[in-house]
Amino acid sequence: MSRYRNLAIVVLVCGWAWTARTTPLTAETIYESVCREAQHVSRASFAEPLPAEQWSATLERRREKWREMIGLSPLPERTPLNATITGVLDRDDYVVEKIHFQSVPGAYVVGNLYRPAQVSGRLPAVLYLCGHSLGKVNPPYQANPRWFGQNGYVALVLDPIQLGESQGLHHGTYREDRWDWPSRGYTPLGTEVWNAMRALDYLETREDVDPDRMGATGLSGGGVVSWCLAAADERVKAVAPVCQTGSMEHVVVDRATDGHCDCAFWINYYRWCWPDLGALIAPRALLIAAGSEDVLWRPFAYRDVAHRIRHQYAVLDASDRFDLVEDLAPHGYTPKLRQAVFTWFNTHLKDDPTPVRTDVTDFVEPAENLLVFGGNLPEDDRMREIDTLLVKPADVPELTDLETWQRHQESTQGRLRELTFRHIPRDCTPRPGDVRDDGSDRQGTRFATHEFDTSDGLTLRIKTMRPSDAAWPAQTVFFAVPPDARSTFAGGGPSRPRFANGTITAGVEVRNTAATSVGPGYLWTLRRVYPLLGQTLPERQVYDLLSGIALLRRQDSTGPVIAYGQGYTAPLAIYAAILDTDISEVVLADLPESHENPATPEFLGILRIGDLPQNLALLYPRPITFVGSIPDAYQWALDVYDRFGAADRIRVVPHVRNWQPFEESDGS
């Protein structure tokens, strides 16, 4: 009997092996690709805790990286707050002060401060941060700071921007197509954290506040700001985010990004997840409060985050300063969660661990009583333009001498590599796939398709066209297929530029074009997901273009490589050439003028390094050809070439068919 059982096993194994050999590999969809990348981000985040010595040695460097990812590196100047109390409500056992201050000159932060009616000495302070509703007048957001004011704390509750009496905009990429925000390196999370830091500055000035006993808490959007403030500012001695804890893996796989506006996330240059924030808060007191039925933040995610953070606290001998409390409840407060939060602050700001048995009262202050501006908002409030003020853009460099310019050129290219394009490898050579001869036309022009696999799991194609009069090797013009191309049949279809002079063209079907086009059902989500992975969709398309170039360079028929771009794909060609110095020339048509325009392809933090005219000049002294005309914004790049003796390398042709490869004799 055992003999036949062994034979059956052999047959099964052989059958499996035959299947494995003959079943083709299946390419991932873009959704599957980003899910896998998000899993890498979350599962690598403090997979094991840092030893105490290493944790301490890297703390300030990690904190500065964190501030950079929320747009606060360098920190803005701490200008005068001009704090003003516009009214006071006396409510027997507590007092409400209506207050505003300016986090940057002319940008108003609005809030209510709750304190005991009778104050003797300095009290602990709690900064309460609201979620997305009516702001400080919302009944739950009145009730919590009121409890603190009635129980021996000074509690300041702030309106989030765009809500209550606070002006500005939260819904940038979420609702307003503000795709310039990623290019600026801006997220409203940075504004909320900066406003909260300035609120701590204000609390420190008050005679009734003990600056060594300040904490922060908040629900939903206020919960995420609590996390992020405590990671950025060590003055927060205790923090309790409520219903706003999860992982990159969760929000990407479940598409939970669709349920969050821009303030829920940071510009993730360094591919961090929530445990990285917890490790910055450690060993200060951190309580995660969560509802297990929360549709926005699921238990598998926040429990895993808590598990990783708990290990770091244990290494730092601070296990009693971290905890997770959860209730069988949807997104929002429950008595259990509130009482745990109140006990947490009593324990760590008052040294009183006695469990709190009281809860918030049902009283609701009429909203009009709590208004700071009384219904007349400042017309000149610069919070409306905070997205252009908070993150420092790059200065336009002065053109002095060639040596100074070359130093700037080298350092800026390095900065692009280490920040905006840090996840594009120097060697983009992909794994080659199938090659198909697609036939020829009556003129002898030959067409082919080349497949390759990207490092993040996609199978892409290159559509080549080789004229019968092409040399061997021949100059090859590479272009990214535009997203709106209906077809790439026969060498790239209508999107193929009509170059003459025996030029080979190679159209790279970058992601979200041709067979990988995702359509409106996922495109908005995808553009908001990629920054959570330290990338953008256009940045990934630059990587795809570079991979296609690297693949065909291995062929003997490929001569000098020229990058071509028109409209949307023109910036892709520019940045591909900046990253690949062996690209000999760039040909551009209908070039966008600035990354400040939301319609221009977005690249993380690019405006912190340079705008399109300055970045184009980084190609100096390689030739640049404009098709049609040179946009006025590019005069600066022309001045660089002119000042440093390469004016003849900037050319204008009426049509791509008029283009000729640049030769040193041109213009001489």
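What follows draws every value from the coordinates through simple rules; no lab data is involved. Given the structure is predicted, the values throughout are model-derived calculations rather than measurements. Here the Cβ is made from the backbone with ideal geometry for all residues, glycine too, and neighbour counts use every protein chain on show.
Our summary gives segment 532-587 a relative contact order of 35 percent, counting only alpha carbon pairs under 8 angstrom and 6 or more residues apart.
With r as the distance between the Cβ atoms of E410 and R657 and R0 = 41 Å, compute the FRET efficiency 1/(1 + (r/R0)^6) and round to 0.05.
Details: r = 36 Å, r/R0 = 0.88.
The value I calculate is 0.70.
Placing unit charges on each Cβ (+1 for Lys and Arg, -1 for Asp and Glu) gives segment 295-339 a dipole about its Cα centre, and among T334, L296, L324 the Cα reaching farthest toward its positive end belongs to L296.
Mind checking the full-extension length gain between R498 and D437? Use 0.36 nm per residue of separation minus the Cα-Cα distance, one decimal, nm. Write down the numbers at each step before the final one.
Details: separation 61, 0.36 × 61 = 21.96 nm, distance 2.07 nm.
Answer, rounded to one decimal: 19.9 nm.
Each Lys or Arg adds one and each Asp or Glu subtracts one; over the other residues with Cβ under 12 Å from the Cβ of Y641, this totals +1. Compared with the dominant Cα axis of the chain, that is its longest principal axis, helix 2-22 is turned about 70°. Annotation for E368 and Q54: the two label points, set 7 Å from Cα along the Cα-Cβ direction, are 6.1 nm apart. Measure nothing but the geometry: give the 0 to 90° angle between the long axis through the Cα atoms of 52-69 and the longest principal axis through the Cα atoms of the chain, rounded to 10°. It works out to around 70 degrees. Restricting attention to the chain, close to 45% of DSSP beta bridges with both partner residues there are antiparallel. The fraction of all Cα pairs in the chain landing in successive 20 Å bins from 0 to the largest distance is 17, 43, 28, 11, 1, given as whole percents. Modelled spin-label separation between T388 and T445, with each label point placed 7 Å from Cα along the Cα-to-Cβ direction: 4.5 nm.
Apply the a/c threshold of 1.5 to the C-alpha gyration tensor of segment 159-306 and tell me whether it is rounded, prolate or oblate.
Details: a/c = 1.77, a/b = 1.19, b/c = 1.49.
Judged from the Cα gyration tensor, segment 159-306 comes out oblate (a/c at least 1.5, b/c at or above a/b).
When H40, H250 are arranged by Cβ crowding within 10 Å, least crowded first, meaning fewest neighbours, the order is H40, H250.
Backbone N atoms of segment 54-68 closer than 20 Å to the 7 Å Cα→Cβ label point of S319 belong to residues 55.
What does the C-alpha gyration tensor say about the overall shape of segment 326-434? Classify as rounded when a/c is under 1.5, otherwise prolate if a/b is larger than b/c, or oblate. Let's see the in-between values first.
Numbers: a/c = 2.99, a/b = 1.81, b/c = 1.65.
Prolate is the answer for segment 326-434, as a/c is 1.5 or above and a/b outweighs b/c.
Label segment 52-377 by shape, choosing from rounded, prolate and oblate, from the square roots a ≥ b ≥ c of the eigenvalues of the Cα gyration tensor; if a/c is under 1.5 it is rounded, and otherwise prolate applies when a/b is larger than b/c, oblate when it is not. Rounded shape, in that the Cα axes give a/c under 1.5. When GluC sites (Glu not before Pro) are flagged only if DSSP places them in a loop and at most 10 other Cβ atoms lie within 10 Å, the longest unflagged stretch of the chain comes out as 399-662.
Can you put C228, C35, C243 in order of Cβ neighbours within 10 angstrom, beginning with the fewest? Kindly include the intermediate steps, with their values, before the conclusion.
Values: C228 33, C35 19, C243 29.
Starting with the residue having the fewest Cβ neighbours, the order is C35, C243, C228.
Listed cross-link partners K98/K237; K65/K98; K136/K237 are compared with a 32 Å cut-off, the Cα-Cα value being larger for K65/K98.
With a cut-off of 8 Å between alpha carbons and a minimum separation of six or more residues, what is the relative contact order of segment 52-377 in percent? Walk me through the intermediate numbers first.
On the way: 659 pairs, mean separation 57.8, N = 326.
Contact order relative to length: 18 percent.
Neighbour counts of C-beta atoms inside 10 Å place K98, K463, K136 in the sequence K98, K463, K136, starting with the fewest.
Of all DSSP beta bridges confined to segment 404-658, the antiparallel ones make up roughly 45%. The angle between the Cα long axis of helix 299-315 and the main principal axis of the chain comes to about 70°, on a 0 to 90 degree scale.
With the simple spin-label model, which puts each label point 7 Å out from Cα in the Cβ direction, the R553 to E204 separation comes to 5.1 nm.
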